[in-house]
Amino acid sequence: MIFFSITLLTPDFIQAAASRAGFDACGVAALDELPEDLLRRFCEWLQHGYHAGMRYMERHLQKRADPRLLLKSGARTAVVTLFSYKPQRPQPPHLPQVSCYAYGRDYHGVIKQKLWGLLAALQAEHPALRGRAFVDTAPLQERYLAVKAGLGWVGKNGMLISKELGSYTFVGTLLLSDAVGSDAQEQKSRCGACTRCLSACPTGAIRDNGVVNSQLCLSYATIEKYANPLQGEDAGAAGRAGMAKDEKTAAAGYIFGCDICQDACPWNKKAKVAAHSEMQLLPQLLTLTADDWLEMSDDDFEKIFEQSPIRRATLQGMKENVRAIQQPNSK
Ligand code: SF4
Ligand code: SF4
């Protein structure tokens, strides 16, 4: 008689496979429709225009309301992963600043590849399992799913915060066709009475607990305007040039993204550094001055930032951002 050993698709089995795939944390949540109040708050956020020029956020509302629809055969489980990018050492503060998520390689590719590796590992034991990987690119409330999977809470700056890893993490999600009995416990917010991120934000972009107005956020203004030029035009007042008049904003020194509200968060001070090789600081970011940026050729930009998310902002956009921090009183 031949005996087959079957590994059950359990949260423990998935978490162990996620750890082997290189993730720093992993949680599992059963999929359902989005809670009504969460969907209502998202729609209000859109109505206020807080998504600025990111028109794609308005699309596929039905799928956003019911993530089970994101898999053809129907998704039943979300495997949510965290990958830390807290830097070992920051850029020298006198140089034009880049958000530390962009210190190394473009996270979309890095995380997607790891999620596919995780799916392949699960399918090796469960060949009929179907799955789909998401990193920031789908109508999916990833932070809500991360909370549901027990990985942390959404802070007042709108970021997912893990007790161990802080908020400098990429959230990646694998939707699976099969049910997995998850007993994950949602964590309550540990922000308490703290308002450090709200006070630290130079543009007043954090409107309310967890509600960020992208029209005022440097992360939006320094990147999306250039990555999606037509949407940027639609965004009205949004855009780095419009903000350049504000000395406080210019003094922040950011030319790609912004880490100010995350740097202010006490949970990031305690967070461990994972030091993933993919996220190591590009050596050029240790030396590039404002003048170097302004004199950079297209060829050099392509060469240096070939694998970097900074490419999204285009060289022209980066130069505009550099001028904005140099001339706070003029457009
Ligand atoms: S990323 Fe910067 S501009 Fe945006 S909310 Fe945080 S501190 Fe404000
Ligand atoms: S700075 Fe304070 S309020 Fe803001 S996310 Fe961190 S703990 Fe929460």
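Around TYR254, which amide H atoms from residues at least 5 apart in sequence, or from another chain, sit under 5 Å from its own amide H, with H modelled in the peptide plane?
Amide H to amide H, under 5 Å and 5 or more residues apart or across chains, TYR254 pairs with GLN97.
Going by amide H atoms built from the backbone, whose H comes under 5 Å of the H on ALA25, apart from near neighbours?
LEU82
Calculate the translational D of the range 11-176 in whole µm² s⁻¹ from Stokes-Einstein, where the hydrodynamic radius comes from the Kirkwood formula applied to all Cα pairs, the temperature is 20 °C and the viscosity 1.002 mPa s.
Details: Rh = 16.9 Å.
It diffuses with D of about 127 µm²/s by this estimate.
Cα centroid distance between the range 32-103 and the range 247-276, in Å?
The range 32-103 and the range 247-276 have Cα centres spaced 19 Å from each other.
Counting only protein heavy atoms and using a 1.4 Å probe, what share of the accessible area of the chain belongs to carbon plus sulfur, as a whole percent? Don't skip to the answer; put the middle values down first.
Working: 8010 of 16140 Å².
Answer for the chain is 50 percent, counting heavy atoms of protein chains only.
Of PRO35, PRO93, ILE206, which is farthest on the positive side of the dipole of the chain, counting Cα position, with +1 on Lys and Arg Cβ, -1 on Asp and Glu Cβ, and the Cα centre as origin?
PRO35
Tell me, what is the percent relative contact order of the chain, built from C-alpha pairs under 8 Å that lie six or more residues apart? Let's see the in-between values first.
Details: 602 pairs, mean separation 79.8, N = 331.
Computed value for the chain: 24 percent relative contact order.
Find which of GLY152, THR289, SER277 sits farthest along the positive direction of the dipole of the chain, computed with +1 on the beta-carbon of Lys and Arg, -1 on that of Asp and Glu, about the Cα centre.
Among GLY152, THR289, SER277, the one farthest towards the positive end of the dipole of the chain is GLY152.
What number of lysine-lysine pairs in the range 11-176 show an alpha-carbon separation below 20 angstrom, given a sequence spacing of 8 or more or placement on distinct chains?
9
Which value, in Å², gives the accessible area per residue of the range 11-176 when a 1.4 Å probe is used on the protein heavy atoms? Kindly include the intermediate steps, with their values, before the conclusion.
On the way: 7070 Å² over 166 residues.
With all protein chains present, the range 11-176 gives 43 Å² per residue.
Using a 1.4 angstrom probe on the protein heavy atoms only, line up GLU125, GLU186, GLU36 by accessible area, largest first. Write down the numbers at each step before the final one.
Numbers: GLU125 85, GLU186 115, GLU36 160 Å².
Sorted by accessible area, descending: GLU36, GLU186, GLU125.
Once label points are set 7 Å from the Cα along Cα→Cβ at both SER189 and GLU36, what is their separation, rounded to one decimal in nm?
A separation of 2.2 nm, rounded to one decimal place.
Over the chain, one equal point on each Cα, no solvent: what is log10 I(q)/I(0) by the Debye formula at q = 0.10 Å⁻¹?
Debye intensities relative to I(0), on a log10 scale: -0.61.
May I ask you to list, by number, the DSSP H helices of the chain whose Cα span along the axis is at least 27 Å and whose average Kyte-Doolittle hydropathy reaches 0.0 or more? Walk me through the numbers on the way to the answer.
Values: long enough: 107-125 (28 Å, 0.25).
Going by DSSP H runs, the hits are 107-125.
How big is the accessible area of HIS48 in square angstrom, nearest 10, if you roll a 1.4 angstrom probe over the protein chains?
Rounded to the nearest 10, the figure is 120 Å².
The values are calculated or read from the model by the stated rules, or taken from the named source; none is laboratory data. On a predicted model such as this, the values are computed, not experimentally measured, just so you know. Cβ sites come from the backbone with ideal geometry, for glycine too, and all protein chains shown count toward neighbours. Keep in mind that these areas ignore ligands, DNA and RNA; they rest on the heavy atoms of the full protein, side chains included. Shrake-Rupley method; radii C 1.70, N 1.55, O 1.52, S 1.80 Å.
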